[in-house]
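The values are calculated or read from the model by the stated rules, or taken from the named source; none is laboratory data. What you are looking at is a predicted structure, and each value in this text was computed from that prediction instead of being measured. Because the Cβ atoms are built from the backbone with ideal geometry, glycine has one as well, and the counts that use them run over all protein chains shown.
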Amino acid sequence: MLHQKFFNRFVIRQIIWAFVITYLLFSLYLVIFKEYNFLILVLPGILFGLAFVDAFQTKHTIRKNYPIIGRLRYMLESIRPEMRQYFFEGELDGKPFNRRERSIVYQRAKNEKQTISFGMQDDPNRLGYEWAAHSIYPKEVSDFNFRTTIGNDQCKQPYSASIYNISAMSYGALSKKAIISLNKGAQLGGFAHNTGEGGLSPYHRSGGDLIWQIGTGYFGCRDEQGFFNDQLFAERSQYPEVKMIELKLSQGAKPGHGGLLPAEKNTVEVSKIRNVKPHTTVHSPSFHSAFGNATELAYFIKRLRDLSGGKPIGFKICIGKKSEFEDIVKAFKETGICPDFITIDGAEGGTGAAPLEFIDYMGMALSDALVFANKILKEYGLRDQVKIIAAGKVISAFDLAKAMALGADACYSARGMMFALGCIQALQCDSGHCPVGIATQDPLLYEGMDITDKSVRVATFHKNTMKAFGEFIGACGFSKPTEITPDVFHKRIEHGKNINFKEMYFSQS
């Protein structure tokens, strides 16, 4: 069998060479004796060159064994995601978001038909299927401007936030036109836009409310050594559009992982926004230098609140070790310093590029993390002082209601808002070659974005999602988000058996 395989490979390679050389000689003959133009030699010359390179290169065995045609393998592999998405993917296939989920965002962003015909396509009998119990006494919800006030007794400038806002995405990761469109959409729709940890760019300051996120690199409020700078923070936190400050401890895409800004991406513009030296490689460590334990974190939160003039201060975390989160809450209780909000990022959150081990195997899922955080805050008597914001694959009314049933007061969405901008889930976010101009700094790609159109789509998606949320909770018998209870949501855990979220998550609380 091995001899046969070798013989087949040998024969195929010789056939390829014979074809290429014959084609080249025949073309040369036509040029010499038939007076054809030398341009006729271009194609056979290219084929001969490719065959020669493939035969003598050492990096790819397939190309060496099968010159020219071996390249088809890499070409087909490169378009595999597009082939699957356009020709073979079903309505409930596709990761991290299936086609039906993406389609509902597109429809709501464009204000198109949002109904589906001919029944459900999901299987209600499959294990893991989740559903909500409706009421025969539904409530009519007429006001879809659902908001929650963030800011406890220690806050001087509380903020009335929408329950659905734009999650953290930095300028640099996203193009300037994408950032402007998101922010103008937030302004039109009356919701907030999280800056991401890349700093307060001028593109973020396009009229919408901002949540300024500060990560381990302290971009926009750091000194020359990379440490937190009180003066810069005090100055920029006073911008009127900055409504809240979020300290990022970790994120769902890469909890416990730092970041790197390559020198080639650190342009003069980016360096001014991030307050770093241009054209240098800048590291974001995996830990904060401003604090090293829970008590120091509490005092740093107080420091931020004082410097900002009393604006709401919170932190973002993807929960890992439960004991560490409990230690943080315990420190808040002991010091008397309480954040105004905590953002719980589920491990399924994912706009940030990261190694596979961090994306797939690190961090607690959003549902479990919400229940745990809610439980610990209640045990220490701080739940009334701290609002919880949920982040991680929240794009539909069901996702919103489910998060609130498990303890959230408000939600973020990153990828949902990217879909509203026109994201096609090409999975090229970290390549710089985003085909729709969102996650790229290539002017040839992002110049095609129309800011006026895209900002309206973002606002329209938010508006229609809030309307869908109102209709959804109304059908369940609730008139406002704070009334939602976990017993309304169910999950199939085995064949013939469902369990509601109250039994699943709170029976032992």
Among strands (runs of 3 or more DSSP E) completely within region 405-509, the ones holding 3 or more residues that are within 19 Å of G190 (Cβ to Cβ) and either modelled with pLDDT of 95 or more or under 21 Å from the mean Cα position of the chain (by Cα) (or both) are 410-413
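Residue by residue, here is whether (1) surrounded by 24 or more Cβ atoms within 10 Å (Cβ to Cβ); (2) of a type in the set (V, I, T) holds:
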{"residue": "A408", "(1), (2)": "yes, no"}
{"residue": "C411", "(1), (2)": "yes, no"}
{"residue": "Q425", "(1), (2)": "no, no"}
{"residue": "H433", "(1), (2)": "no, no"}
{"residue": "A439", "(1), (2)": "yes, no"}
{"residue": "G448", "(1), (2)": "no, no"}
{"residue": "I451", "(1), (2)": "no, yes"}
Against the definition (under 18 Å from Y203 (Cα atoms) and surrounded by 15 or more Cβ atoms within 10 Å (Cβ to Cβ)), how does V488 come out, yes or no?
no
Looking at G314, G252, G309, can you tell me which residue is modelled with pLDDT of 95 or more and in a loop (DSSP other than H, G, I, E, B)?
G309
Which members of region 223-240 meet the condition of being farther than 17 Å from K302 by Cα and touching a helix residue (DSSP H, G or I) at 6+ places or on another chain (Cβ under 9 Å)?
D223
Can you name the residue in region 321-337 that is small (G, A, S) and in a helix (DSSP H, G or I) and is also nearest to G363 (Cα to Cα) among such residues?
S323
Residue under question is F227, and the condition is that it be touching a residue at least 24 places away in the same chain (Cβ under 8 Å), of a type in the set (F, W, Y) and surrounded by fewer than 24 Cβ atoms within 10 Å (Cβ to Cβ); does it hold?
yes
Being in a helix (DSSP H, G or I), modelled with pLDDT under 80 and closer than 30 Å to V458 by Cβ is true for just one of Y86, Y106. Which residue is that?
Y86
Within region 141-175, the count of residues that are hydroxyl-bearing (S, T, Y), within 24 Å of the chain's Cα centre (by Cα) and not in a strand (DSSP E or B) comes to 3
Across region 420-432, what is the number of residues that are touching a residue at least 40 places away in the same chain (Cβ under 8 Å) and either polar (S, T, N, Q) or in contact with a Ser or Thr (Cβ under 9 Å, 6 or more places away or on another chain) (or both)?
4
Considering residues of region 89-103 that are small (G, A, S) and crowded, with 16+ Cβ neighbours inside 10 Å only, the residue modelled with the lowest pLDDT:
G94
Yes or no: region 339-346 includes at least one residue that is outside any strand (DSSP E or B), at pLDDT below 95 and under 30 Å from H433 (Cα atoms).
yes
Just a yes or no: is a residue in region 191-200 in contact with an Asp or Glu (Cβ under 6 Å, 6 or more places away or on another chain), within 29 Å of G310 (Cβ to Cβ), assigned by TED's automatic domain parsing to the domain that holds Y299 and assigned to a loop (DSSP other than H, G, I, E, B)?
no
One residue is enough: does region 186-195 have a residue meeting the conditions farther than 22 Å from K463 by Cβ and not charged (D, E, K, R)?
yes
Within the bounds of region 262-273, is there any residue that is part of a strand (DSSP E or B), assigned by TED's automatic domain parsing to the domain that holds F300, more than 21 Å from the chain's Cα centre (by Cα) and at pLDDT 85 or above?
no
Those residues of region 56-77 which are in contact with a helix residue (DSSP H, G or I) (Cβ under 9 Å, 6 or more places away or on another chain), free of Cβ contacts under 8 Å to residues at least 24 places away in the same chain and part of a helix (DSSP H, G or I), in sequence order:
F56, I62, R63, K64, R71, R73, Y74, L76
Cβ pairs under 6 Å, 6+ apart, first in region 389-409 and among the charged types (D, E, K, R), second in a loop (DSSP other than H, G, I, E, B) and surrounded by fewer than 23 Cβ atoms within 10 Å (Cβ to Cβ)
K393/E348
Given the criteria in contact with a strand residue (DSSP E or B) (Cβ under 7 Å, 6 or more places away or on another chain) and aliphatic (A, V, I, L, M), does I136 qualify?
no
List the pairs whose first member sits in region 474-498 and is of a type in the set (V, I, T), whose second member is part of a strand (DSSP E or B) and surrounded by fewer than 18 Cβ atoms within 10 Å (Cβ to Cβ), and whose Cβ atoms are under 8 Å apart, counting only residues at least 6 apart or on separate chains?
I493/I499
Identify, please: which residue in region 387-400 is outside any strand (DSSP E or B) and surrounded by 24 or more Cβ atoms within 10 Å (Cβ to Cβ) and is, among those, modelled with the lowest pLDDT?
G392
State the number of residues belonging to region 1-43 that are within 48 Å of the chain's Cα centre (by Cα), more than 19 Å from I62 (Cβ to Cβ) and at pLDDT below 75.
0
Top-ranked residue in region 44-67 [being within 40 Å of the chain's Cα centre (by Cα) and of a type in the set (V, I, T); ranked as modelled with the highest pLDDT]
T58
